[in-house]
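K.L.:
The structure's right below; bear with me while I get my questions together.
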2 protein chains.
Amino acid sequence: VSGRNREEGRSVLSKAFAILDALREAQVDLTRAQLARRTGLPLTTVHRLATELCEYGALELTERKTYRVGPWLWEIGTLSAHTRTFRHVALPFMQDLYEATHENVQLAVPDGLDALVIERVRGRTSVRITSRVGGRLPLHSTGVGKAILAFSPLELQEAVIARGLPAITAYTITEPDVLRRELIETRERGYSITRMEMGLNSASVGVPILGIDDEVLGAISLIVEASRADVARLAAPIRAVARGISRQLAAHEHRPQGARGEG
Amino acid sequence: VSGRNREEGRSVLSKAFAILDALREAQVDLTRAQLARRTGLPLTTVHRLATELCEYGALELTERKTYRVGPWLWEIGTLSAHTRTFRHVALPFMQDLYEATHENVQLAVPDGLDALVIERVRGRTSVRITSRVGGRLPLHSTGVGKAILAFSPLELQEAVIARGLPAITAYTITEPDVLRRELIETRERGYSITRMEMGLNSASVGVPILGIDDEVLGAISLIVEASRADVARLAAPIRAVARGISRQLAAHEHRPQGARGEG
């Protein structure tokens, strides 16, 4: 099916949003040709719509002739309520955890078959990681991911396994039965551990954040140097923080907003 | 001019983006009628476009029949490069400052006649403030704002004054000449001070972050309880951090990205 055929019957809005969605999936800037390939739209249509999107500040044309998301969309996106309460409630707890450890603290929520990173705290001495707020992480190879998966319904676990378990490093769990066993152990233990499964220089410990009915709202993790032998010792403070966030989230629903303050 | 007349000649995309922009300006959810009033579009057009925007996850219809920004837009917005390097470089320094003080640390950039908050660090003991990442703050009444304004060209100062200096509290500077004097003092001192100018419970100290040619890239501030008498003492650590961020930003331009790591 050529791009031209796939264009029929699509509204202008749906085409413009297909362009934005292609950038979301790619997570990097794309050329006009790449956008055409990913959306199935003709080059001329991509050019016309992308040019209009640039006028609104939704996109920017870079010096390398690629399109990237513009500042106007960032500002609008910050208004999304989806994860705002969660981030707002969790951040002070994450600060406490950072201050006690000086390691990367990461907060993620389940989203489809991925974990979506919604907040991060890190300092200058924390091990370098490339995950970013708004980025996605695999559920089978990360601390937050395995914590989410272990406490989620079996259907989600099997859907992730059915999609395939790509090897990020030589240590990533890629065998379905090994992952199933690991998730049972994670659940019994109460927290996940990864060792070089996502990067050879890092290890992590993840704890689920549970709702009132024990449903998985998200997970919080610490990411440390892989050479640290005492990774499991980090579980206790993370679990305390995860419980604090759960409690606060339950209480938050009926609390009014705070007073106005200086900038 | 009726909404219908103003609709003529506008493309579908421009109408859809007018709806998103109305939400950006309002910073709160809006009803269909409010969106029609703010965009000058007929109710039926707003209804049709908003319904389509909901299908893509760009908007959500709340239980109170208002429209709000959806999670899909948040995820896309996080890809904006506009402020990403700045936030990435500044965050570890902000963590240091938070850890030394346990107060609100705020990072903002000039954007038109406002300051745009691009990062915040705060803990459970920090004074409550309502500013948020992605939100806008006045330049004449906030720590970051006065720091930005004092080191910006006179044209910006006069444009802000010409727009008017709204009183946020009884202590906000609303007289042009008082503000002009204050900005000269701020520049000589090297940092701004606000006392109850944005909220009666808070005070702040702001320091500009300067580029290679001494242009104002942004500002960083600490926001503390108004009752703290030693506000000016906070200036020294903030200035150290602002210098560190400036240096790192200058160095960052040619540095490669870090290695992949666990989640």
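The values are calculated or read from the model by the stated rules, or taken from the named source; none is laboratory data. Note that the structure is predicted; figures quoted are calculated from it, not measured. Every residue, glycine among them, receives a Cβ derived from its backbone with ideal geometry; neighbour counts consider all protein chains shown. Keep in mind that these areas ignore ligands, DNA and RNA; they rest on the heavy atoms of the full protein, side chains included. Shrake-Rupley method; radii C 1.70, N 1.55, O 1.52, S 1.80 Å.
Results for (1) of a type in the set (A, V, I, L, M, F, W, C); (2) touching a Phe, Trp or Tyr at 6+ places or on another chain (Cβ under 7 Å), shown as yes or no for each residue.
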{"site": "B:Asp177", "(1), (2)": "no, no"}
{"site": "B:Arg181", "(1), (2)": "no, no"}
{"site": "B:Glu185", "(1), (2)": "no, no"}
{"site": "B:Tyr191", "(1), (2)": "no, no"}
{"site": "B:Met196", "(1), (2)": "yes, yes"}
{"site": "B:Leu200", "(1), (2)": "yes, no"}
{"site": "B:Ala203", "(1), (2)": "yes, no"}
{"site": "B:Asp213", "(1), (2)": "no, no"}
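K.L.:
Does segment B:220-245 hold any residues that are more than 9 Å from every other protein chain (Cβ to nearest Cβ) and surrounded by 16 or more Cβ atoms within 10 Å (Cβ to Cβ), and which are they?
P.N.:
Matches in segment B:220-245: B:Ile220, B:Leu222, B:Val231, B:Leu234, B:Ala235, B:Pro237, B:Ile238, B:Arg239, B:Val241, B:Ala242, B:Gly244, B:Ile245.
K.L.:
Hey, another quick one. Would it be correct to say that B:Val178 is outside any loop (DSSP other than H, G, I, E, B) and within 10 Å of another protein chain (Cβ to nearest Cβ)?
P.N.:
No, not satisfied.
K.L.:
Are any of the residues in segment B:131-146 of a type in the set (Lys, Arg) and in a helix (DSSP H, G or I)?
P.N.:
Yes, that holds for at least one residue.
K.L.:
Moving to a separate point now. Can we say A:Ser80 is crowded, with 17+ Cβ neighbours inside 10 Å, of a type in the set (S, T, N, Q) and more than 7 Å from chain B (Cβ to nearest Cβ)?
P.N.:
So A:Ser80 fails the test.
K.L.:
Within segment A:160-191, can you find the residues that are more than 17 Å from the chain's Cα centre (by Cα) and open to solvent by less than 40 Å² (accessible area, probe 1.4 Å)?
P.N.:
A:Ile161, A:Gly164, A:Leu165, A:Thr169, A:Thr172, A:Ile173, A:Leu179, A:Glu182, A:Leu183, A:Thr186, A:Gly190, A:Tyr191
K.L.:
Might you check whether a residue that is of a type in the set (S, T, N, Q) and within 29 Å of B:Ile148 (Cα to Cα) occurs anywhere in segment B:48-70?
P.N.:
no
K.L.:
Here is a follow-up. Looking only at segment B:94-130, which residues are of a type in the set (S, T, N, Q), surrounded by fewer than 22 Cβ atoms within 10 Å (Cβ to Cβ) and not in a helix (DSSP H, G or I)?
P.N.:
Within segment B:94-130, B:Thr125, B:Thr130 qualify.
K.L.:
Check off (1) within 7 Å of chain A (Cβ to nearest Cβ); (2) surrounded by fewer than 17 Cβ atoms within 10 Å (Cβ to Cβ) for B:Leu61 and give me the number that stays unchecked.
P.N.:
Status for B:Leu61: all satisfied but (1).
K.L.:
Checking the condition under 17 Å from A:Phe17 (Cβ atoms), among the hydroxyl-bearing types (Ser, Thr, Tyr), within 24 Å of the chain's Cα centre (by Cα) and modelled with pLDDT under 95, which residue from B:Ser80, B:Ser11 passes?
P.N.:
None of the others qualify; the one that does is B:Ser80.
K.L.:
Name the residues in segment B:64-77 that are open to solvent by 20 Å² or more (accessible area, probe 1.4 Å) and either within 30 Å of B:Val241 (Cα to Cα) or in contact with a helix residue (DSSP H, G or I) (Cβ under 8 Å, 6 or more places away or on another chain) (or both), would you?
P.N.:
B:Lys65, B:Arg68, B:Trp72
K.L.:
Here is a further query. Which of the residues spanning segment A:64-77 are more than 7 Å from every other protein chain (Cβ to nearest Cβ) and not hydrophobic (A, V, I, L, M, F, W, C)?
P.N.:
A:Arg64, A:Lys65, A:Thr66, A:Tyr67
K.L.:
Now a separate question. How about segment A:19-33: which of its residues are assigned to a helix (DSSP H, G or I) and either surrounded by fewer than 21 Cβ atoms within 10 Å (Cβ to Cβ) or free of Cβ contacts under 8 Å to residues at least 12 places away in the same chain (or both)?
P.N.:
Listed by number, the residues that qualify are A:Asp21, A:Ala22, A:Arg24, A:Glu25, A:Ala26, A:Arg32, A:Ala33.
K.L.:
Among the residues of segment A:34-49, how many are open to solvent by less than 50 Å² (accessible area, probe 1.4 Å) and not in a loop (DSSP other than H, G, I, E, B)?
P.N.:
Of the residues in segment A:34-49, 6 are open to solvent by less than 50 Å² (accessible area, probe 1.4 Å) and not in a loop (DSSP other than H, G, I, E, B).
K.L.:
Does A:Glu119 meet the test of being under 30 Å from A:Arg228 (Cβ atoms) and in contact with a strand residue (DSSP E or B) (Cβ under 8 Å, 6 or more places away or on another chain)?
P.N.:
So A:Glu119 fits the description; yes.
K.L.:
Got a sec? Which of A:Thr101, A:Thr130, A:Thr125 is out of contact with any strand residue (DSSP E or B) (no Cβ under 8 Å at 6 or more places or on another chain), more than 8 Å from every other protein chain (Cβ to nearest Cβ) and either of a type in the set (S, T, N, Q) or touching a residue at least 24 places away in the same chain (Cβ under 8 Å) (or both)?
P.N.:
Matching residue, one of A:Thr101, A:Thr130, A:Thr125: A:Thr125.
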